[in-house]
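Participant: My questions all concern the structure below.
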Amino acid sequence: MLAKLRPLMATAARTKPAPAVSFSTAAEGDDHVHYNHTDACHHLRWTAKESYEYMYSRPWSRVVDFYAELVRTGAGAAGLAKLFGKDESDYSVDTNGEDYTEPSEKQASTKPFKDRGGRWERVTFKIVLSYHGGSFDGWQKQPGLNTVQGLVEKHLGQFVDEKKAKQLEARSLPLEGCAVVAGRTDKGVTALQQVCAFYTWRKDVKARDIKDAINKAAPDKLKPLHMSEVSREFHPNFAAKWRRYLYIFPLDEDVKPISGDEQSSKTLDGPEYNIKPQSFDVGKVDKIIRQLEGKSLSYKMFARDTQASRSVGPPTECFMFHSRAAVVKLHSADENREESTRAVCIELVANRFLRKMVRVLVATTIREAAAGAEEDALLSLMEATCRRATAPPAPPDGLCLVDVGYEDFDRQRCFIVD
């Protein structure tokens, strides 16, 4: 029977149409596959390799140090307000009262009845954390790696109830709590006001106890900003209405010029090479990135490392509330040094983000601005047939999860506004 099916299977394989992917290789056996852009500025657009080299040749240590100082001081999102001349008090975390519950959480929750037991009796704590991306291997707990989740859950183990502790012991598992997060961050990505939740059936646990425990986990690298007891129904991910990311891209410093490889830079009319752009206009970046604002779009071309099931359809759609870019100056934390670093900040606020979406958006926007592409360049790339049409992800060092919102989005709380 199987032998009879094999000819049919072979025929089906031969007649199956080729996928509609438009790309070309620069040379036989070349490791870098380039997407075949056909617009007027295609000869000025950086290749994937050139874009990668340009992004990673920047003075990232200055951005890393800037983020490290914000985490060390526990400034949270308020620490960024100085960059844009904003009032720090408008971005501070509310630390008044250990049993504080967000107004939206009160409205959305249903108070448990007195006669209910089990899960209705558990106590849920909302935890606002700040951590330095360069000091950890990302958020998600992984064997043998120093992750934020692994460290937080280890120190939450002392607050686990007796029943849970026995279950863990029976399975020969370490005594650890369970922290549910608003959004996982990759290795190298900093968070200023990340939100996670922890629950326990123990009634003697107080928010102050949890804060003190996490404070000892990794001083100056991981800092709990606020703890509060919230409704049992609160979920940091599902309850969130928006998330805000900020990407800081340093502009100063002499970097290696982009010359382009022989095959990708050669003109069609002669052996001369095109001169690839060595810089970009920040105003152009702002105009390109603004085209995403107020639209619900599929960002599958700007995602990386996603499952096949999440590459099509609604799971790839995101609504962008706010998308702007501006130039700022990063001042050194050392008071004896007066020098500052010019940088472009890209602020993005959306209801959700796909994996590595922000970093790909930043790198692609800068690439398109440098090439002199039209303002709707990002919208056009969303119709591409292959992810090679977009640039490789920008370095994680410049990315920061600023905060997560559980109230309706308010544009006035953004850093970059008209």
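Readers should treat all values here as calculations from the given coordinates under stated rules, not as data from a laboratory. Quick caveat, the model's predicted, so the values are computed rather than measured. Positions of Cβ are backbone-derived with ideal geometry, glycine not excepted, and every protein chain shown enters the neighbour counts.
Participant: Quick one: net charge around residue 150, please, counting Lys, Arg +1 and Asp, Glu -1 for every other residue with C-beta under 12 Å from its C-beta. Could you put the intermediate results ahead of the total?
Facilitator: On the way: positive: 141, 154; negative: 137, 153, 176.
Around residue 150, the surrounding residues sum to -1.
Participant: So how much slack lies between residue 212 and residue 305, counting 0.36 nm per residue of separation and subtracting their Cα-Cα distance, in nm?
Facilitator: 29.9 nm
Participant: Can I ask one more? How far apart, in nm, are the 7 Å Cα→Cβ label points at residue 142 and residue 38?
Facilitator: 3.9
Participant: Can you give the extra length, in nm with one decimal, that the chain gains between residue 379 and residue 331 once fully stretched, where that is 0.36 nm per residue apart less the Cα-Cα distance?
Facilitator: Fully extending the segment from residue 379 to residue 331 adds 13.8 nm.
Participant: Once the Cβ-Cβ distance between residue 61 and residue 82 is put in as r, and R0 is 25 Å, what FRET efficiency do you end up with, to the nearest 0.05?
Facilitator: Calculated transfer efficiency: 0.80.
Participant: Please report the net charge: other residues with Cβ closer than 13 Å to the Cβ of residue 204, K and R +1, D and E -1.
Facilitator: Residues near residue 204 contribute 0 overall.
Participant: Ok, one more. Can you order the peptides 154-160, 364-370, 86-92, 65-71 by their average number of other Cβ atoms within 10 Å per residue, highest first?
Facilitator: Descending packing order for the listed peptides: 364-370, 65-71, 154-160, 86-92.
Participant: Rg and Dmax of the stretch 123-230, Cα atoms, in Å?
Facilitator: Cα-based Rg and Dmax for the stretch 123-230 come out at 13.3, 37 Å.
Participant: So, one more: Sorted by mean Cβ packing within 10 Å, highest first, what order do the peptides 277-290, 44-57 take?
Facilitator: The peptides rank, most packed first, as 44-57, 277-290.
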